[in-house]
1. Can you list residues from other chains, or at least 5 along the same chain, whose modelled amide H is less than 5 Å from the amide H of residue B:259?
2. Roughly how big is the B-A contact, given as buried accessible area in Å² (both sides, 1.4 Å probe, nearest 100)?
3. Counting only helical runs of four or more DSSP H residues, what would the 222 nm mean residue ellipticity of chain B come to if each run contributes -39,500 (n - 2.57) and the total is spread over all its residues?
4. Would you mind calculating the gained length between residue A:114 and residue A:99 on full extension (0.36 nm times residue separation, minus the Cα-Cα distance), in nm to one decimal?
5. Check residue B:233: other-chain or 5+ apart residues with amide H under 5 Å from its amide H, H built from backbone geometry?
6. Just to be sure I understand the model, the point goes 7 Å from the Cα along the line to the Cβ. What's the resulting residue B:118 to residue A:160 distance in nm?
7. Residue by residue through segment B:93-108, what is 3J(HN,Hα) from phi via Karplus (6.51 cos²θ - 1.76 cosθ + 1.60, θ = phi - 60°)? Round to whole Hz and write x for glycine and proline.
8. Tell me the per residue accessible area of segment B:62-145 using a 1.4 Å probe; a whole number in Å² is fine.
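The values are calculated or read from the model by the stated rules, or taken from the named source; none is laboratory data. Remember, predicted model here, so these are calculated numbers, not experimental data. Heads up, the Cβs are rebuilt from the backbone with ideal geometry, glycines too, and the neighbour counts pull from every protein chain shown. Side chains included, ligands, DNA and RNA excluded: accessible areas come from the protein's heavy atoms. Shrake-Rupley method; radii C 1.70, N 1.55, O 1.52, S 1.80 Å.
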Amino acid sequence: MTRALFHIAFAAALLAPAVVAGDAVAQATPQGPPPPLVKFTIVDNTIPEPLTDVPGDPDRGKRVVTNASNSTCLICHRMPIPEQPDQGQIAPPLDGIGSRYTAAQLRLRLVNPKLLTPETMMPAYYRVDGLTRVQAQYQGRTIYSAQDIEDAIVYLLTLK
Amino acid sequence: MNRSAAFLVALGLTLLLSGIARAQGWPIERYQVEDRKSGYFYLGQQTRVLQDDDFLNPGMSAVDQGAGLWRKVEGSEGKSCSSCHANAAQTMKGVAARYPVFDAKSGGIINLELVINRERVEKMGAAPYKYESPELLAITAYIATQSRGLPKVVEITGPAAPFFEQGKEFFFVRRGQIDLSCAMCHDDRPGVLLRGDTISQGQTNEFPMYRLIWHTISSTHRMFEWCNASMRAEPYALGSPEYLALELYVAWRGRGLPIETPGVRK
């Protein structure tokens, strides 16, 4: 066998910085000015009020949190989603998370877990300040939109 | 020992020696020095086999190309690398193992890629290769292969010290929208699954390295760029002072690991 003939096709990069277009959920290479940040109030390590007026959609929430091109939770967490075989083992599994946390607790965890544990590895999904050398196309933008956060929360609450 | 036995021993030795020249695949203990482990350690068997056998190793075509470029006359002086350095197996042995180094002329850190380009400009009167061009990767890989098995040991004291500190600081700063430091993955979590990838210690003893997902041989700086972009952090330019300082620090983290060029990684 010659080296030239030896060829292996491999799965795409897992932390892929590039983004796939066409998924309604994907925040493809972001366009236009970043949407204004929704203000929120923290009460006892929770954010009690939803970030939007539109109630969360659990099906969309599942697509949000498994979206490989936008910092999916699966990079670090295992989740009870058998059709997603590659699941990280950096962080606690999210099985049963909906029984252990309330919506208000999950909201702070997703918005900015560093307010609970400053040294945590978990990204803040709704934060723009206090970051270093953010890539130009992401400057002033949150990883998730306010609606993504709300949809993700109601999906996580189904994981009993 | 009778004559046929002596012949068999001689034949065995010849095969063994040529085997060493054409393959890696050392015993696994060689890929670790104290608590420092080559990325080879974290590879699956299939990928290891690809690196072990030079006939399968997809990085070897770049090495072969590099051997040709080594002898190719270019530039106004009518010279090739081999005009001055003759037999690379002797003259280049150990060179890749001690780079990057402090360079008095520029007052900063210089790596193998940039030294090659400087030689082209100053000694050959030829144009520098573009960073990450197939040519620069090929000749860098060819030179690094001459140090196979030698321990990577870089100088971090004296004038190199402030650059070492700069690279070290880089390694620990959280960056990008995802807000992670190199250390959070490569110091704190080697061996842990990040989705389908096993995080390694982020060592550089096998560069230039063939990355299967890229289908090409690649430099340390391209890897730094990828890790930075994965965190949605603005990467620095390939060959920039920031990445040169980082390259020095990361090389020191893997001190003593054997040169494995061309490594194969996922």
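1. B:149, B:150, B:152
2. Working: alone 13290 and 10270 Å², together 19970 Å².
That pair hides around 3600 Å² of surface in total.
3. On the way: 12 runs with 113 residues, N = 266.
Computed ellipticity for chain B at 222 nm equals -12000 deg cm²/dmol.
4. Values: separation 15, 0.36 × 15 = 5.40 nm, distance 2.23 nm.
Going from the current span to full extension adds 3.2 nm.
5. A:135, B:177
6. 6.9
7. So the Karplus estimates, Gly and Pro as x, are 5, x, 5, 4, 5, 10, 8, x, 10, 6, 10, 4, 4, 8, x, x Hz.
8. Details: 3770 Å² over 84 residues.
With the other protein chains kept in place, segment B:62-145 gives 45 Å² per residue.
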